[in-house]
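Q: Take this structure, written in structure tokens, and hold onto it; I'll ask about it next.
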Amino acid sequence: MSDLDPLDKIILVHGFIRDNIDNFLDYTGKMKRSINETTIPLTDLVVSSENIEIFAELPGVKLEDFNVVMYDGYIIIEGYKRDDKPDKKGTFHRMERTFTPFRRIVKLPYEVEEKNITANLKDGVLIIKIKRKETEEK
């Protein structure tokens, strides 16, 4: 490295750093994707003046395979996606689907009426609708 002029040294070090950062970002990207796809259902949280709605993707999950609990201002969705492979006699050439426990904890942004909650599972999407508490205006 002593035979290189200062500009070549900078280019060499820059290349080394760039390659290591790219490798790190590639690794963390795969790790994040894996966590989102296997153990944490993707959710949307929609707030209106009257309700809070949570939409959670639970494809392939049946009603009896998960629970929804409200605790201390949080909604907790947890369950298990069951293995639905009918015949395991063959050799897998690819196995991308996962059958693992999942959990998603959603912090509610407002106080809610705990007795006024509905939930519906349709086409692999869980929809939880919670009535917001009415606040007194000053």
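The numbers here are math on the coordinates, done by the rules we state, and not lab data. None of the values given here were measured: they were computed from a predicted structure. Glycine also receives a Cβ, built like all others from the backbone with ideal geometry; neighbour counts cover every protein chain displayed.
Q: Sequence-distant or interchain residues sharing an amide H contact under 5 Å with Lys81, placed H: which?
A: When sequence neighbours closer than 5 places are left aside, the close amide H contacts are Thr100, Phe102.
Q: Taking θ as phi - 60°, what are the ³J(HN,Hα) couplings along the stretch 40-53 by the Karplus curve (6.51, -1.76, 1.60), each to the nearest whole Hz, with x for Gly and Pro?
A: These are the phi-based 3J(HN,Hα) values: 10, x, 6, 9, 10, 10, 10, 10, 10, 5, 10, 9, 10, 10 Hz.
Q: Also: Can you put Arg94, Arg132 in order, fewest other beta carbons within 10 Å first?
A: Numbers: Arg94 5, Arg132 18.
Exposure proxy ranking, most exposed first: Arg94, Arg132.
Q: Here's another thing I want to ask about it. List every residue whose amide H lies under 5 Å from the amide H of Leu108, counting only residues 5 or more places away in sequence or on a different chain, with H placed 1.01 Å from N in the peptide plane.
A: Here Tyr74, Ile75 satisfy the definition.
Q: For the stretch 110-116, what does the Karplus curve 6.51 cos²θ - 1.76 cosθ + 1.60, with θ = phi - 60°, yield as ³J(HN,Hα) per residue in whole Hz, taken in order and with x for Gly and Pro?
A: With coefficients 6.51, -1.76 and 1.60, one gets 9, 5, 10, 8, 4, 8, 10 Hz.
Q: Also: Keeping to pairs on different chains or 8 or more places apart, tell me how many lysine pairs in the stretch 41-132 have Cα atoms under 26 Å apart.
A: Lysine pairs satisfying the spacing and distance rule in the stretch 41-132 number 21.
Q: Tell me, how many Å apart are the Cα centres for the stretch 93-138 and for the stretch 52-73?
A: Here the answer is 5 Å between Cα centres.
Q: Using the Cα centre as the reference, give the magnitude of the dipole from point charges on the C-beta atoms of the stretch 41-132 (Lys, Arg: +1; Asp, Glu: -1; all else neutral), rounded to the nearest 20 debye. Intermediate values should be presented prior to the final figure.
A: Values: 16 positive and 16 negative charges, 82 e Å.
Its charge dipole is roughly 400 debye.
Q: Could you derive backbone 3J(HN,Hα) for the stretch 124-132 from the dihedral phi with the Karplus parameters 6.51, -1.76 and 1.60 (θ = phi - 60°), listing whole Hz in sequence and x where the residue is Gly or Pro?
A: Those phi angles translate into x, 10, 8, 10, 10, 10, 10, 6, 6 Hz.
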